[in-house]
Amino acid sequence: MAETIHPSPTATTPTAKRVPQYRSRNPLSATLAFQKQPLQFLGSLAKEYGDIVQFPLLNMQIVMLNHPDYIKRVLIDNISNYDKDVFIYKMLHTVMGEGLITSSGEKWRKRRRLMQPAFHRQRIEKLVDLINDITRGTIETWEEKTVRNETIYVKEEMLKITLKMVSMALMNIDASDAAQDFGRAFQTSNEVLAAFARMPFPPLSFPTPSHRRLRQAIQQMDVISYTVMRERRERQEDTGDLLSMMLASVDEETGEGLSDQELRDEIQTIFIAGHETSANALSWVWYLLSQHPDVEAKLHEEVDRVLGGRVPTMEDLSKLVYTRMVIDETMRLYPTVWQLMRRTINDDVIDGYYIPAGSIVFWSNYELHRHPAIWEDAERFDPERFAPEQVAKRPRHYFMPFSGGQRICIGNNFALMEMQVMLSLVAQNYRLVSLSDQPVEPKTALALVPSTDLPMKLVKR
Ligand code: HEM
């Protein structure tokens, strides 16, 4: 029989069930396990409790949802009942301010409306040539390395290339030194924040050595964002990109443009959200290809057949079906955004479970993408799962590496385009062969990153 729950079911939810509670004699065991090995801990919860469970994390109670239908309720069906007033977004606020990821309500809505046109399909189509050029530039730097038989570190290479792509394509910033400096400062802030996300104590305002490093890194990123902004304001030219749109925008009610602080927050958000995510996804792709020669061979066959030695055009992308299948299957196994959370505004009932107002609901794409009722033999890397006829059989919300609903990733089409172009163009020219026997495991920083730098050798095809 359904138990009643704390605080107590509301009049509208008289029959709601209590969310199963994590059981342990040690009140700190969940916190310690989450801090030490979050993926293993979440996996054990899913195994033991199924699709929903509540566990304590420090002084918070977290409701872990582990079925895509539950996530659909939060992101789509009852979206107005969930906001981002949760510690992880407050933490990101220290770096991104109130940018598109961290803002909510009317502020978010207006900003999203303003930025959305920069990501329309027609605009993205125009960026294919630029993405090709940037990839070719990288391939040229690799020519010499190949001759000298030098090792490349794939993680670093992917971060460099995606940072260039996002800064040149969306903000028309010549991505030389400034972007690389931004990348370095971002890595520092990333390390500190990842540690804080696992153990949010002491508060970031407390001046520990690592929190001081974070402050410094934020200052360095600020200097770069403000310089970019000042230069573009002075030049007063409309280059038709995202930054131009933001600089020219005027609030319909107040007639005012975005303030320096608001622009800084958005530039920082785009720099950060727009490069590390795609870089990690691509790093995982190269790693998985190096471990699965059969998949690699099939990819080469497609790239050679469709492109015939040319660089890809927008029309080619729809024909590079297997290339896209490899990307999707990689994001299933290693979703770079591996944890998401929301706060429940008013009481809700999810599949009969009572979720009181103020609950923190949490889900991990890493776990969801391994749900045994949805993905057979889930640990196996098998791009065929994403063959068009297989995709057609699954509800769309069963696979949401870019999240879903109104707050779906604004850069999803851009990311898919850049990854498909980059992957096909590099695969046309090179094989990336792993140089290490060290096992590569997923590491939970803010994003899900490979545990090694992925040293590889370039072999010309
Ligand atoms: C493989 C690449 C990427 C993945 C897996 C990814 C994933 C995601 C996810 C899961 C969210 C939802 C976050 C949340 O609800 O808290 C998100 C939001 C967002 N992403 Fe991405 N992303 C990628 C690439 C990009 C790129 C290239 C850009 C920009 C150029 C970008 C910009 C953003 C922004 C601004 C948001 C906030 C959208 C909003 O709330 O309105 N992302 N992304």
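The values are calculated or read from the model by the stated rules, or taken from the named source; none is laboratory data. Note that the coordinates shown come from a computational prediction; the quantities given were computed from them, not determined experimentally. Note that we place each Cβ from the backbone using ideal geometry, even for glycine, and neighbour counts take in every protein chain shown. Areas reflect the complete protein model, heavy atoms only, side chains present, ligands, DNA and RNA absent. Shrake-Rupley method; radii C 1.70, N 1.55, O 1.52, S 1.80 Å.
Computed with a 1.4 Å probe over protein heavy atoms only, the accessible area of K319 comes to about 120 Å². Grouping the Cα pair distances of segment 304-461 into 10 Å bins from zero gives a pair-distance distribution of 9, 29, 35, 19, 6, 2 percent in increasing distance order. Computed over protein heavy atoms with a 1.4 Å probe, the accessible surface of segment 229-290 works out to 42 Å² per residue. The distance separating the Cα centre of segment 108-135 from that of segment 427-461 comes to 29 Å.
Of the listed residues Y82, Y398, the order by accessible area with a 1.4 Å probe, largest first, is Y398, Y82.
Nearest 0.05, what FRET efficiency do E256 and D222 give at R0 = 25 Å with Cβ-Cβ as r? Mind showing how you got there, number by number?
Values: r = 22 Å, r/R0 = 0.88.
Once the sixth-power term is evaluated, E becomes 0.70.
Ligands, DNA and RNA excluded, the heavy atoms of D181 present near 70 Å² of accessible surface to a 1.4 Å solvent probe.
At an R0 of 22 angstrom, the distance between the Cβ atoms of R235 and Q122 translates into a FRET efficiency of 0.35. Over every Cα atom in segment 223-358, the radius of gyration and the widest Cα-Cα span, Dmax, amount to 22.1, 59 Å.
Report, to the nearest whole %, how much of the accessible area of segment 128-266 belongs to carbon and sulfur atoms, 1.4 Å probe, protein only. Don't skip to the end; give the middle numbers.
Details: 3530 of 7140 Å².
Its accessible area is 49 percent carbon and sulfur atoms.
Any idea what angle helix 87-96 forms with the longest principal axis of the chain, computed on alpha-carbon atoms, 0 to 90 degrees, nearest 10? For helix 87-96, the angle is close to 30 degrees. By how many degrees, 0 to 90 and rounded to 10, does the Cα axis of helix 154-171 deviate from the longest principal axis of the chain? For 154-171 against the chain, the angle is about 90 degrees. Solvent-accessible surface (1.4 Å probe) assigned to I360 amounts to roughly 30 Å². Only DSSP H runs of four or more residues enter the estimate; each adds -39500 (n - 2.57), and after division by the residues of the chain the mean residue ellipticity at 222 nm equals -16500 deg cm²/dmol. Rounded to the nearest 10 degrees, the inclination of helix 293-307 to the longest alpha-carbon principal axis of the chain is 60 degrees.
A 1.4 Å probe run over the protein chains yields, for segment 338-461, 41 Å² of accessible area per residue, whole-number rounding. Of the solvent-accessible surface of segment 339-461, computed with a 1.4 Å probe and all protein chains present, 48% belongs to carbon and sulfur. Report the percentage of all Cα-Cα pairs in the chain whose separation exceeds 40 Å, rounded to a whole percent. I get 20 percent for the Cα pairs in the chain exceeding 40 Å.
If the limit is 30 Å between Cα atoms, which of K47/K84; K17/K47; K36/K457; K36/K145; K160/K319 go over it? Let's see the in-between values first.
Values: K47/K84 28 Å; K17/K47 20 Å; K36/K457 33 Å; K36/K145 38 Å; K160/K319 28 Å.
Distance filter (> 30 Å) returns K36/K457; K36/K145.
Legend: calculated FRET efficiency, T146 to N412, from the Cβ-Cβ distance at R0 = 30 Å, rounded to 0.05, equals 0.35.
With a 1.4 Å probe and all protein chains kept in place, how do H275, H397, H93, H292 rank by accessible area, largest first?
Numbers: H275 0, H397 30, H93 80, H292 50 Å².
So, going from the largest accessible area down, we get H93, H292, H397, H275.
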